[in-house]
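What follows is one structure encoded as structure tokens, with my remarks underneath.
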Amino acid sequence: MADFTLLIWIHVIGAIAAMLFGALTFMMPKGGARHRRWARLYVAAMLVTTGVVIFVPATVMPIGIWHFGFFHLFILIGGISALVGIYALRQWFRIRDPEWLRNHQIRFAFSYAGLWMAGVAQLVTNPDFGIIDKLSPEAFWIVFAAANLAVFGIAAFFVGRYLMRGDPAGATRSSPRRGRRGRPTGRPLRRPIALRP
């Protein structure tokens with residue numbers, strides 16, 4: 001069997017970095033320079049995490065005849081959500097429809113939740129951590145489901161509380177800035193966009 005140690009370490013470091021960068025992204029005022037900087041680092045870390053993990057087979061709970069497992073599923077969902085969130089943001093810069101901005105925010109929120117759910121799945125199912133060996137099959141599935149539902153529930157609460165209400169762009173809806181050829185530059189509004197409950 002091939003040695004996947006290097007890929008696993010790259011995956012783990014990328015996932016931890018994405019967790020950190022994602023948290024910093026959500027903490028920064030939306031639309032500001034620091035928010036954009038941490039968001040780019042988050043996306044880069046997510047791409048590394050998802051790109052590497054594809055080549056690492058699941059050691060437990062594989063799905064079907066492939067080498068994929070539950071943690072593959074969660075991390076791929078998170079990566080795809082991030083990419084769709086980028087597309088939604090570009091659409092908002094182009095036409096300034098607030099629903100595209102809301103879509104961007106929701107996609108990235110669930111992308112971050114998917115990242116944590118993948119971490120929980122790996123922590124619970126990987127025998128190296130010793131959790132799965134100490135639980136009966138019934139207790140294992142209860143812990144596995146409860147932990148992931150808790151992460152998803154927290155994400156759904158914050159999405160419903162802060163992202164599904166009101167105008168996602170705040171009070172300002174100015175036209176997108178345009179470059180020399182009349183195309184949107186993708187630059188943010190002059191003042192940061194703050195989420196409103």
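Go through segment 8-56 and report how many residues are in a helix (DSSP H, G or I), over 16 Å from the mean Cα position of the chain (by Cα) and surrounded by fewer than 16 Cβ atoms within 10 Å (Cβ to Cβ).
Residues meeting the conditions: 4.
Can you tell me which residue is nearest to the chain's Cα centre (by Cα) among those in segment 73-92 that are farther than 18 Å from Leu163 by Cβ and not β-branched (Val, Ile, Thr)?
Ranking the qualifying residues of segment 73-92, first place goes to Gly79.
Six or more apart or on different chains, Cβ under 6 Å: which pairs go from a residue in segment 35-51 that's within 19 Å of Ala118 (Cβ to Cβ) and modelled with pLDDT under 90 to one that's crowded, with 19+ Cβ neighbours inside 10 Å and β-branched (Val, Ile, Thr)? Could you list them?
Thr50/Ile75
Does Phe110 fit the bill of being more than 27 Å from Ile8 (Cβ to Cβ) and at pLDDT 80 or above?
No; evaluated as a whole, the condition is false for this residue.
Going by the structure shown, is Gly85 crowded, with 16+ Cβ neighbours inside 10 Å, at pLDDT 90 or above, assigned to a helix (DSSP H, G or I) and not hydroxyl-bearing (Ser, Thr, Tyr)?
Answer is no for this residue.
Is there a residue in segment 120-137 that is at pLDDT 80 or above, part of a helix (DSSP H, G or I) and among the small types (Gly, Ala, Ser)?
No: segment 120-137 contains no residue that is at pLDDT 80 or above, part of a helix (DSSP H, G or I) and among the small types (Gly, Ala, Ser).
How many residues does segment 131-154 contain that are under 16 Å from Ala118 (Cβ atoms) and within 17 Å of the chain's Cα centre (by Cα)?
Looking only at that region, the number is 6.
The values are calculated or read from the model by the stated rules, or taken from the named source; none is laboratory data. Just so it is clear, the structure is predicted and the values come from calculations on it, not from any experiment. Ideal geometry is used to build each Cβ from the backbone, glycine not excepted, and the neighbour counts take in all protein chains shown.
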